[in-house]
Amino acid sequence: MDQLAGIMRRSFRRKSSTREPTSVGNSTADASSGCRQSCEDPQQRSVLSGGQTFFEYLVVVSLRRNSAGDYAPQITYQFPKRESLLSFQREEEERLLHAIPLFCFPEGNNWTPLTEYNSETFSFVLTNVDSSRKFGYCRRLLPAGRGARLPEVYCIISCMGCFGLFARILEEVEKRRQIATAVIYPFMQGLREANFPAPGKTVKIKSFIPDSGTEIIELTRPLDSRLEHIDFKTLVQCLSPKRLVQVFASVVLERRIVFSAKDLSVLSQCIHAVAAMLYPFTWEHTYIPVLPPVLIDTVSCPTPFMVGVQKKFLDQIWHQPMEEVLVVDLCDGSFPQKVGDEDDILPRKLQDDMIASLSRLQVSQGSEEVNRTVSEVFMQFFIKTVGHYNHHFKNAKDGKRLFQEKAFLKAVKSKSTKRFLKLFVRTQMFSIFIQTAEKCSMVQDGYFLKKVHEFQEQKKLTKK
């Protein structure tokens with residue numbers, strides 16, 4: 001188990017990438033220079049256009065007695081089974097398959113047969129050594145039957161970040177599981193043969209169900225692909241506007257953060273939502289939405305991390321040597337531990353504006369409306385603080401674009417905003433964002449720059 005934990009822990013660390021020293025000067029690049037959204041927003045590259053396969057694996061994880069008499073999770077079925085793999089592919093597959101059971105049952109081995117269990121959907125993330133991420137979408141359910149029995153997990157492994165779509169697929173999986181296990185696999189085969197749809201598009205999957213005949217399942221992706229893997233509604237119900245902005249401030253400076261909740265679904269949904277608040281930037285460090293107890297010492301790492309711990313295991317982290325870690329209790333919306341300066345990181349006026357906007361939010365609205373409203377609040381913060389970045393590139397003689405950091409900071413008039421930016425430009429997320437932009441020379445037409453342009457045009461009209 002220790003060896004497995006070591007392998008997994010190494011896989012969670014995303015590659016470190018630091019920007020080369022930037023040249024400084026007063027010259028600015030043309031505002032139209034830059035790159036398309038595939039460069040501006042690396043988190044969405046793989047899912048913007050669609051056309052990829054839906055998933056790599058469907059695995060069934062069941063609880064089986066081990067030699068100690070406890071129930072331990074293990075994979076009891078894998079679809080599809082791949083035979084012809086190269087040695088490095090086989091090694092990667094084995095690592096993946098060894099890690100999955102631990103995240104499907106992160107509570108450990110303390111299980112007893114049950115007669116009732118409310119099915120729940122949650123997800124986890126595995127980060128490969130090349131910084132690519134794979135999503136595990138899980139549906140834990142109690143199989144149909146009589147008497148006490150053990151829950152099992154149906155887990156879909158995919159490179160596609162689209163929680164809503166896969167939650168719908170898992171509902172169909174559970175529907176078929178209650179009839180017979182054999183009914184699941186024709187449905188998954190049809191899904192595997194279909195192409196992952198582009199944003200706003202629908203794919204139709206034919207599926208035969210005994211006594212019901214052939215059904216056509218329609219799976220539609222939201223038009224705005226930024227919001228398809230998140231549910232801000234759960235997060236804003238757990239944290240007050242002020243607490244939420246303080247969490248955002250800590251994440252922006254890439255600090256160490258532990259989230260705690262009773263339910264796996266709440267834990268994974270909230271952490272995915274917090275990561276999504278960083279758009280157009282991406283969290284580049286250790287990211288474990290549901291932390292198994294075997295990896296609990298992750299909270300003592302000196303590097304940035306964002307992890308989720310089930311409420312029942314929260315006591316265990318206090319025995320770990322933690323330095324400057326923010327602990328967020330999603331059950332009561334409190335901070336059992338904090339660094340102390342969470343309220344002083346962001347520029348005061350912008351922070352107050354964000355809290356006011358979130359306070360006006362109507363949680364009773366639909367999830368899509370809440371997602372749009374909340375994401376807009378945090379994106380406006382980045383528009384107002386770093387939206388001018390695209391004006392500060394200089395074309396070098398060798399054709400490379402170089403970011404002018406001093407000119408970028410000097411262009412900011414507000415002292416509090418400049419003080420914040422001097423900290424933010426040191427983060428890895430900002431470095432990688434700029435590094436990506438420096439490598440691109442095409443005209444930017446991404447969503448973030450479109451919103452920046454709208455904001456700047458509105459400012460001009462206001463001045464007139």
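The values are calculated or read from the model by the stated rules, or taken from the named source; none is laboratory data. Remember, it's a predicted structure, so these values are computed and weren't measured experimentally. FYI the Cβ positions are ideal-geometry reconstructions off the backbone, even for glycines, and counts take in every protein chain you see. Please note that ligands, DNA and RNA were not included when accessible areas were found on the heavy atoms of the full protein model with its side chains. Shrake-Rupley method; radii C 1.70, N 1.55, O 1.52, S 1.80 Å.
What single numbered condition from (1) over 16 Å from the mean Cα position of the chain (by Cα); (2) open to solvent by less than 20 Å² (accessible area, probe 1.4 Å) fails to hold for residue 272? Just one mismatch for residue 272, condition (1).
Looking at the structure I just gave you, is residue 335 among the aromatic types (Phe, Trp, Tyr), assigned to a helix (DSSP H, G or I) and open to solvent by less than 40 Å² (accessible area, probe 1.4 Å)? Judged against the criteria, residue 335 is not a match.
Considering the conditions (1) assigned to a strand (DSSP E or B); (2) under 16 Å from the mean Cα position of the chain (by Cα); (3) buried (at least 23 other Cβ atoms within 10 Å of the Cβ), residue 328 is excluded by exactly one of them, (2). Kindly indicate the residue of the range 252-269 that is modelled with pLDDT of 95 or more and of a type outside the set (A, V, I, L, M) and also nearest to residue 452 (Cα to Cα) among those meeting that condition. Among those that are modelled with pLDDT of 95 or more and of a type outside the set (A, V, I, L, M), it is 254. Within the range 397-439, the set of residues being in contact with a Phe, Trp or Tyr (Cβ under 8 Å, 6 or more places away or on another chain) and small (Gly, Ala, Ser) comprises just one member, 437.
A quick yes/no check of all residues on (1) touching a Gly at 6+ places or on another chain (Cβ under 8 Å); (2) modelled with pLDDT of 95 or more; (3) charged (D, E, K, R):
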{"position": "217", "(1), (2), (3)": "no, no, no"}
{"position": "229", "(1), (2), (3)": "yes, no, no"}
{"position": "246", "(1), (2), (3)": "no, yes, no"}
{"position": "250", "(1), (2), (3)": "no, yes, no"}
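Restricting 66, 118, 110 to those that are modelled with pLDDT under 85, closer than 23 Å to residue 311 by Cα and surrounded by fewer than 16 Cβ atoms within 10 Å (Cβ to Cβ) reduces the list to 110.
Is it true that residue 100 is of a type outside the set (Lys, Arg), touching a Leu at 6+ places or on another chain (Cβ under 6 Å) and surrounded by 16 or more Cβ atoms within 10 Å (Cβ to Cβ)?
Numbers: of a type outside the set (Lys, Arg): yes; touching a Leu at 6+ places or on another chain (Cβ under 6 Å): no; surrounded by 16 or more Cβ atoms within 10 Å (Cβ to Cβ): yes.
No: the conditions fail for residue 100.
Within the bounds of the range 383-394, is there any residue that is at pLDDT 95 or above, charged (D, E, K, R) and not in a loop (DSSP other than H, G, I, E, B)? Yes, the range 383-394 contains a residue that is at pLDDT 95 or above, charged (D, E, K, R) and not in a loop (DSSP other than H, G, I, E, B). Residue 339 satisfies every condition listed in (1) of a type in the set (Val, Ile, Thr); (2) under 26 Å from residue 416 (Cα atoms); (3) in contact with a His (Cβ under 7 Å, 6 or more places away or on another chain) except (3).
For the range 155-181, the tally of residues that are open to solvent by less than 10 Å² (accessible area, probe 1.4 Å) and hydroxyl-bearing (Ser, Thr, Tyr) stands at 1. Here residue 267 clears all of (1) assigned to a loop (DSSP other than H, G, I, E, B); (2) open to solvent by less than 40 Å² (accessible area, probe 1.4 Å); (3) out of contact with any helix residue (DSSP H, G or I) (no Cβ under 8 Å at 6 or more places or on another chain) except the condition numbered (1).
Of the residues that make up the range 326-341, is at least one farther than 23 Å from residue 267 by Cβ and without any contact (Cβ under 8 Å) to a residue 12 or more places away in the chain? Please lay out each step first, then the result.
From the range 326-341, those farther than 23 Å from residue 267 by Cβ are 340-341; that's our starting set.
Going one step further and asking which of them are without any contact (Cβ under 8 Å) to a residue 12 or more places away in the chain, we end up with 340-341.
Yes, there is a match, as at least one residue in the range 326-341 is farther than 23 Å from residue 267 by Cβ and without any contact (Cβ under 8 Å) to a residue 12 or more places away in the chain.
Residues that are within 32 Å of the chain's Cα centre (by Cα) and open to solvent by 100 Å² or more (accessible area, probe 1.4 Å) within the range 409-419 comprise just one, 419.
In a residue-by-residue description of the range 362-373, the property of being open to solvent by less than 20 Å² (accessible area, probe 1.4 Å), under 19 Å from residue 283 (Cβ atoms) and in a helix (DSSP H, G or I) applies to at least one position. Residues of the range 399-408 include at least one that is open to solvent by less than 10 Å² (accessible area, probe 1.4 Å), in contact with a helix residue (DSSP H, G or I) (Cβ under 9 Å, 6 or more places away or on another chain), in a helix (DSSP H, G or I) and within 25 Å of residue 456 (Cα to Cα).
What residue, among those in the range 339-361 that are of a type in the set (Lys, Arg) and more than 25 Å from residue 231 (Cα to Cα), is least open to solvent (accessible area, probe 1.4 Å)? The qualifying residue least open to solvent (accessible area, probe 1.4 Å) is 348.
Keeping to the range 280-297, report how many residues are more than 11 Å from the chain's Cα centre (by Cα) and either open to solvent by 10 Å² or more (accessible area, probe 1.4 Å) or under 30 Å from residue 437 (Cα atoms) (or both).
8
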